Structures are given as structure tokens and as C-alpha cells.
Amino acid sequence: MAANRKPSSALTRPAQTTARPGTGMVSVAVVLLIWELVVRLLAVRHSSLPSPSRVLLELWREGALLGKHALVTGFEALEGLLLALVVGFCLAALTAWSTRAHRIAGPAISFFQKLPLVALAPLVVIWFGFGYSSAAALAFLACFLPLTSSVRNGFDSLPAETVEIVEMMGAGPATVFLKVRLPACLPFVAGALKTSIPLALAGASVMEFIASDEGLGYLMLYASATIDTNQLFAALTVLVLMALGFYYLIDLVERVWISWPAAVPAGTAAGRQMPRR
Amino acid sequence: MPTAAFRIQIQDAYHTRVAGRETQTVVGPVSLDISGGEFLSIIAPPASGKTSLLKMIAGILPVTGGEIRIEGARIQPPERDFGLVLQQPALLGWRTVMQNILLQAELRGLDLVGSRNRARRLLAWFGLSKFEESRPDELPPGTAQLISVCRALVHCPALLLMDEPFRMLDTMALEQILDGFQRLWLETGTTALLCTGNIHEAVLLSDRVAVMSQRPGRILQVFSIDLLRPRRMDRATTSQIAEYCSRIRTLFRAQGVLP
């Protein structure tokens, strides 16, 4: 009997098949090597496309500057993301709880999800002014609706029978929410955070293009205006590394503390087996 | 594990639901009288409403018409002193097998030490002791439902309601489990109601088998299974069990359910 074989599940954890950092590094290294060789062998102008070695040198030389601006962008994105998580979670819980709230909020969420984010940027500047607040606000708007949808999917993933059985055991609505719905939702929250991080960073950076004098977005815009492609690529690299860093941090938290699927299905048709006594 | 055993009286009970502009009768009217300590199976074709009837008895679904009484009193939604096993095992993935079983005791405010000992005994009964600290997603196929049976029994319920709990087991595994489950039920003495689509399983386990029609499910006939317990598929009982199964199949053929 294959006691150690995990059954296939119709209810799979969201984003639990993330490759570990090491597995992608080889392919990234190959891409960088090809890039380096192309630039050198074809004598590509550095002002158009710097080689990875030049970008690395820039990262080394301007580390303090890049770090200072990265902190700004990082905090803007984090603030927007965390606020989106709190508000999105509450909205998802409310629409999962109340059919009326779902009827009102559902179409509105679907409508606003179709709005292009960049088009909202000038409006955000009017509302929040120049600088940090606008960037955090746009980061919030960038990931609020996707987060809400994902968390709502988490609540909806719980089979009705699970709630019925727990209620039969004597659990009231609050106990059902805390002991069943909330833990069942956590894998979806983790998955939503992982997909929302690049959105939050993008939102913050876009606003820094438009209405800020700090942050990686501002730095990239300045580098573009001065045709300093080394710095532009270096800033872009830092942005990518931040996104990856956040992503794998949440992945680590997920692996350690949220390592379960939402529910256990009845079992598969293939390979039904009896545990040996 | 001695326990009380509820009597169930179902009088013309039915359940309807609104589908678009129509009101559909999902199940019933059904009338049944289940004695305390009796094991009754309801065997029916798929989508006949047997699950709905089970949920009405459990108090999860409202009784649209007629009435259901447990020990003479009308049921209150949801009835809490029951053990319930539905078609999905509904185990909580973040809890171990033992923690899932003990959830029953936690929510009912029962003594956890005693409940843990009972849970261990139940797991040992089904040969699942080694999975005590496993997570549900680490279990072999078919065992999750057995865990949910253990969870339903850990608090010594006066009534055990089961909706096709063994349907994911293959034939050989099923025969092993039914043998163990019979002996377990004989020891508890609780009233048991099993909904199943497996005729052989119903005859093997039950004092009586109620045959239900297609939707909206109504009771066509109730067979009394006069066989000694425990029942096994050995030479002495095989032909008798086969005879009961044949009679039930004949009834389904007359209904056009079976070819």
C-alpha cells in the first residue's frame, strides 16, 4: 500500500508549486551570459543596451543611491499592499457573509477591475498630492481589487458540507469563521499577496514617474532623461530584485505556516487502497 | 462504548426548493419509524433526495411539510447530539487527523483526554493508528472518509447519520471495513441511518433496508433483514444476502432504475 503517496486533489493550493529560487537561477545566468556576449560581440552601443557586467558595476558604484530610492519605493508599495490586504479582506469577508453585500459590491468590483491603472494616476495626484502618499495610493489601487477577488475565492472554496458538519458539532457563526473559514482562506491570501507584489511595485513606480522626486521610478525617469542607461537598468534590476525578494519571503512564510490545501476531497477513482492493519 | 440510542419518527416529511419560478419537491413525502438502536439503510438511485432526507433529519435542511421527531420531540435546526458523515469527508487541512477528530470534542466542550483515548481506539479499529499525526492531504485515497466516521463517533452520539461514507473504497477494502464497522456499531448500540447506493452494503449492515424511488424520493418498500450478526460474506450467509439483494434489485428493475 502506498502509504506515503499523496492523492491528487481537485482542490489544489494556490501557487504552492512555486519553484525554489535556485531552480531558476541557472536559466537566468544563461540569459545574462547570452546578453553579455551579444552586446560584446555585436558591439551594441551602451547607451542603448548596457551589458550585464556594466549594470553590475553600476549597482556596485551607486549602491547607496539605489538603496535610498529603493527604500522609498519599497515602503510605498508595502503600505499600499498592506492597506489593500486589510480593506480587501474585509470586503471579501463581507461579500462572502452577506448575499446583499455581494449583489451590490460584486458588479462594482468587476467594473473597476477593467479600468486601466495608469489612467487613474493623474486623478490620484489631485487627491493625494505630490510624492509619497500618491505613490502609496496608486500601489493600493493596483492590487486592491485582485487581492479582494482572490481572498473571496478563498472563502468560496470552502465546501458547504464542511460548514454544515462543523455547525452540527455546535459551532456558532463566529467559531465557524475563526476556526474554519479564516484558516481555509489563508492559502489564497498568501497566493494573492504573491501576485499583488509586482502590481504594488508597479503602481508605486508609475506614480514616481509622474509626481515624485524620489523612488526607483523617479530615478529611472531621471536616468532616461540623461540617457544614463546603466543607471536605468540598475534601478530596474533593483526593482526586480525587490519583487523577487518579497515574493520568496511570502513563499517561505507560506511553506512554513500555511502548508495546507483548503479542503480534502473524497479521494480519487484511481488507486483506491485500504490501509494495512 | 455504550451510548444512548434515539428513536426517529418521520411522518409525511418532504422538502421543496424554489428553482426559478417553480417549486420542486426534492424528497418525500416520506414516512419511516426507526427504533432506538436500529440500523436502517435507505437505498436509492442517484439524485433521488436521500441526502436531503438525511439533512432534514440532521436539522440542516428545513422540513417543508410533515414532521420529523427525535425521541418524540420535533427537531431543532441543527440537531447537535448526532454524528454526521456526509459524502465529502470535510476534514480541515490545517489540522492533523487526531485534531480533526478532536474538533468534535472541542466544540462540544467534552473532556479532551477521554476523547483522545476514544479517538485512538476508533483509529485502531479501522487500522488507521499510524495516520494519527498525518495531515489530511497526506492520507491514502479512501481513508479520509473513515477519519470522518471516527470524528462522527468520538462523542458517542445517540444517532449516527451517514451519507455514502464508504463509496470511495474498492471492493476488497469495503469488505474489510464493513466487517470492522459492523462490530463497532454492535458495541456502540447507537441508532444508525445509512444512505447508500450499494445494495450489498445496505443488506450486510442493516436491520432493515428502505428502498427509495427516483426523485422526488419516496419509500417504495422496507425490507427486514433477518440475518444473524455479525454478517460476513462466507458460505453460510452469501446466498441469503444474495437473496435479499436480488429482491431489492427486482424492485429497482420494476421502477426502471436498473436494467
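We did not get these values from a lab; they are worked out from the coordinates using the rules stated. A quick note: this is a predicted structure, and the numbers were derived from the prediction, not measured. When we count neighbours, we look across all protein chains shown, and the Cβ atoms used for this are built from the backbone with ideal geometry, even at glycine.
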Length gained if B:Thr250 through B:Arg229 is fully extended, taking 0.36 nm per residue and subtracting the Cα-Cα distance, is 5.1 nm
In whole percent, the Cα-Cα distances of the protein assembly as shown spread across 20 Å bins from 0 upward as 19, 40, 24, 14, 2
Largest fluctuation, A:Gly106, A:Gly172, A:Gly245 only, Gaussian network model of chain A with Cα springs under 10 angstrom, belongs to A:Gly172
Just for chain B, what percent of DSSP beta bridges are antiparallel, to the closest 5? 50
Treating cross-link reach as a plain straight distance, find the lysines whose alpha-carbon is under 29 Å from the alpha-carbon of A:Lys194, omitting any fewer than eight places away in the same chain. A:Lys6, A:Lys68, A:Lys114, A:Lys179
Give me the distance in nm between label points sitting 7 Å out from Cα along the Cα-to-Cβ direction at B:Arg17 and B:Lys130, one decimal. 4.1
D_trans [Stokes-Einstein, Kirkwood Rh over alpha-carbon pairs] for chain A, 10 °C, 1.306 mPa s, µm² s⁻¹: 73
Residue by residue through B:83-89, how many Cβ atoms from other chains fall within 10 Å of the Cβ on average? 6
Plugging the Cβ-Cβ distance of A:Leu65 and A:Phe112 into 1/(1 + (r/R0)^6) at R0 = 45 Å yields, to the nearest 0.05, a FRET efficiency of 0.75
Report, by chain and number, residues whose modeled amide H sits under 5 Å from the one on B:Val85, excluding near sequence neighbours (fewer than 5 apart, same chain). B:Leu161, B:Met162, B:Asp163
Tell me the relative contact order for the range B:91-156 as a rounded percent, counting alpha carbon contacts under 8 Å between residues six or more apart. 51
Cα shape, chain B, gyration tensor, a/c 1.5 rule: oblate
Of the DSSP H helices in chain A, those whose Cα atoms cover at least 15 Å axially and whose Kyte score averages -0.5 or more: A:21-41, A:63-97, A:99-113, A:117-128, A:132-156, A:182-211, A:229-257
Could you tell me how many cubic angstrom of Cα convex hull volume the range B:56-188 has per residue? 124
Determine how many Å³ per residue the convex hull of the Cα atoms of the range B:125-172 encloses. 98
Of B:Thr143, B:Gln176, B:Ser129, farthest towards positive along the dipole that unit charges on Lys, Arg, Asp, Glu beta carbons give the range B:116-204: B:Ser129
In terms of the ratio Rg/(2.2 N^0.38 Å) built on C-alpha atoms, what value belongs to the range B:1-134? 1.25
Hydrodynamic radius by Kirkwood for the range B:139-245, inverse mean 1/r across distinct Cα pairs, in Å, is 14.8
Can you pull out the trypsin sites (Lys or Arg not before Pro) in the range B:18-87 whose DSSP state is coil and whose Cβ has at most 11 other Cβ atoms within 10 Å? B:Arg21
If one builds a Gaussian network model of chain B from Cα atoms under 10 Å apart, the most fluctuating residue listed among B:Leu86, B:Leu205, B:Leu112 is B:Leu112
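Take the Cα gyration tensor of the range B:193-259, multiply each eigenvalue by 5, square-root it, and list the three semi-axes largest first, rounded to whole angstrom.
Over the Cα atoms of the range B:193-259, the ellipsoid semi-axes are 22, 13, 9 Å.
How large is the convex hull of the Cα atoms of the range A:124-166 per residue, expressed in Å³ as a whole number?
Cα convex hull per residue, to the nearest whole number: 74 Å³.
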The range B:26-88 shape via C-alpha gyration tensor axes, a/c threshold 1.5: rounded
Given 5 Å bins starting at zero, what is the percent of C-alpha pairs of the range B:91-156 in each, up to the one with the largest pair distance? 4, 21, 35, 26, 12, 3, 0
Charges only on Cβ, +1 for Lys and Arg, -1 for Asp and Glu: so what's the dipole of the protein assembly as shown about the Cα centre, in debye to the nearest 20? 1060
According to the Cα gyration tensor, what semi-axes, each the square root of 5 times an eigenvalue, does the equivalent ellipsoid of the range A:205-262 have, listed from largest to smallest in whole Å? 34, 12, 7
For chain B, what is the relative contact order in percent, using Cα pairs closer than 8 Å and at least 6 residues apart in sequence? 27
Would you look at the GNM of chain B, springs on alpha carbons closer than 10 Å, and say which of B:Gly142, B:Gly36, B:Gly20 moves the most? B:Gly20
